[in-house]
């Protein structure tokens, strides 16, 4: 079980830094380690995260099957909280598959559940997914409002990688509105947020190296 959790942790780090092949390998390994074990959060979480990696690789068929499996597993073990995370991931798969209305509905449900459970990170994440769905639907003013609110929420949580991706989404919204200068500024802010995230990783590595053994 510990080896499986370690693989999930490594996969999450790889996924955060766009090392998708490595992420998929670690999440697959976690699932393999748990294949004969009773169903727990570890199984469901590895399945959820493997779906995210496959979606980002463009493998939408496997991503869809995996996220449906993750939703079933979270329902089976009664983890209402992580079910909401999986529902947001389901919305992302729907969006990538061209089903923007379905994605908006799923993201809205995830957002409502996150707000009710006072999960600030998922609230921001589902709000951003809503913004992306609204962009796909051409509802640009609503999309901009949602994404900007998401940026504020991620910033308050000090999540620079999430802030960076949100600025990338905002740039797309602004470009669609014909606001090219504002879109360029959003991309500059995305780059600055990525720099902050990288600096944080560097500081953490230096702290580990300096720590007494």
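Would you be able to say whether some residue in the range 177-189 is surrounded by fewer than 20 Cβ atoms within 10 Å (Cβ to Cβ), under 22 Å from residue 98 (Cα atoms) and modelled with pLDDT of 95 or more?
The answer is yes; a qualifying residue exists.
Can you name every one of the helices (runs of 4 or more DSSP H) wholly within the range 109-210 that holds 3 or more residues which are in contact (Cβ under 8 Å) with a residue 40 or more places away in the chain and under 19 Å from the mean Cα position of the chain (by Cα)? Quick ask: steps written out before the conclusion?
Numbers: elements: 120-136, 140-156, 160-176, 180-210.
The helices (runs of 4 or more DSSP H) meeting that bar are 120-136, 160-176.
The values are calculated or read from the model by the stated rules, or taken from the named source; none is laboratory data. Owing to the predicted nature of the structure, the values given are computational and were not obtained by experimental measurement. Glycine gets a Cβ as well: all are built from the backbone with ideal geometry, and neighbour counts include every protein chain shown.
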